[in-house]
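Colleague: Quick one: the structure is below, questions incoming.
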Amino acid sequence: MSTADTATVAPQSLLAFDFGTKRVGVATGSRFTGRAEPLKSIHAEGDARFTAIEKLVREWQPDALVIGVPFHPDGAEHEITQRARRFGRQLKGRFRLPVFEVDERYTSVEAESQGARDLDSAAAALILEQYFREHP
């Protein structure tokens, strides 16, 4: 999941995911505006999680997907890093869309400091806005 996976044209509409083992936050955004909007958190696991994501993919019809990949403060990987990457591979396999990774250290803390009611979807929006900054 790198820029080698991209088409020659940059994706215009995207869905972003803040992966968690119990919940997945989802946000949508447009390259045109460079902004992201929190959508919802999915409180499901396994097939039910992917069924809910499939509904969102059908509704929003994104050109690509973005996932937040967490690291320790020193940049080291941990168990959730690998699980988030596996989630990204599953998204790519199921939906046949490009999947981009963003280092998502501290997005939940930032969402909480901004007073977000749904921390997971707000963190997903921050992940997507970070992607827009890193890939203008």
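Any read-out appearing in this document is the output of simple, stated calculations on the displayed coordinates, not a laboratory observation. As the structure is a computational prediction, the values presented were derived from the model and not from experiment. Positions of Cβ are generated from backbone atoms using ideal geometry, with glycine treated the same way; all protein chains shown enter the neighbour counts.
Colleague: Of the chymotrypsin sites (Phe, Trp or Tyr not before Pro) in segment 95-136, which ones lie in a loop per DSSP and count no more than 15 other C-beta atoms within 10 Å? Numbers along the way, then the final one.
Modeller: Details: sites: Phe95, Phe100, Tyr106, Tyr131, Phe132; in loops: Tyr106.
Here the sparse-neighbourhood loop sites are Tyr106.
Colleague: Okay, next question. First check a/c for segment 64-131, with a ≥ b ≥ c the square roots of the eigenvalues of its C-alpha gyration tensor; if it is under 1.5, answer rounded, and if not, answer prolate when a/b is larger than b/c or oblate otherwise. Show your work: numbers first, answer last.
Modeller: Numbers: a/c = 2.22, a/b = 1.33, b/c = 1.67.
Verdict is oblate for segment 64-131.
Colleague: Looking at the chain only, what percent of DSSP beta bridges run antiparallel? Nearest 5 please.
Modeller: On the way: 13 of 22 bridges.
Around 60 percent of the beta bridges assigned by DSSP in the chain are antiparallel ones.
Colleague: Another one. Could you give the alpha-carbon Rg of segment 2-136 over 2.2 N^0.38 Å, rounded to two decimals? Write down the numbers at each step before the final one.
Modeller: On the way: Rg = 13.5 Å, N = 135, 2.2 N^0.38 = 14.2 Å.
Relative to the 2.2 N^0.38 Å estimate, segment 2-136 comes out at 0.95.
Colleague: With the chain treated as a Gaussian network of Cα nodes joined by springs under 10 Å, which of Ala48, Ala116, Ala64 yields the largest mean-square fluctuation?
Modeller: Ala48
Colleague: A further question follows. Can you pull out the trypsin sites (Lys or Arg not before Pro) in segment 38-101 that DSSP calls coil and that have at most 13 other Cβ atoms within 10 Å? Please list the in-between numbers first.
Modeller: Values: sites: Lys40, Arg49, Lys55, Arg58, Arg83, Arg85, Arg86, Arg89, Lys92, Arg94, Arg96; in loops: Arg96.
Filter output for segment 38-101: Arg96.
Colleague: Using θ = phi - 60° and the Karplus curve 6.51 cos²θ - 1.76 cosθ + 1.60, what whole-Hz ³J(HN,Hα) does each residue of segment 64-81 get, with Gly and Pro shown as x?
Modeller: The phi angles translate into 7, 10, 10, 10, x, 10, x, 9, 5, x, 7, x, 6, 7, 9, 4, 5, 4 Hz.
Colleague: Could you check the spin-label model distance between Thr21 and Ala76? Points 7 Å from the Cα along Cα→Cβ, value in nm.
Modeller: 1.9 nm
Colleague: Residue by residue, what Karplus-based ³J(HN,Hα) values in Hz, rounded to whole numbers, does segment 51-57 have, using 6.51, -1.76 and 1.60 with θ = phi - 60° and x for Gly and Pro?
Modeller: Karplus values, whole Hz, x for Gly and Pro: 5, 5, 5, 4, 4, 5, 5.
Colleague: Here is a follow-up. For segment 20-69, rounded, prolate or oblate, judged on the Cα gyration tensor with a ≥ b ≥ c (square roots of eigenvalues), a/c < 1.5 rounded, else prolate if a/b > b/c? Let's see the in-between values first.
Modeller: Working: a/c = 2.28, a/b = 1.63, b/c = 1.40.
Prolate shape, in that a/c is at least 1.5 and a/b is the bigger ratio.
Colleague: I've got another one for you. What is the chain's relative contact order, in percent, from Cα pairs under 8 angstrom and six or more apart in sequence? Don't skip to the answer; put the middle values down first.
Modeller: Values: 258 pairs, mean separation 46.0, N = 136.
The normalised contact order for the chain reaches 34 percent.
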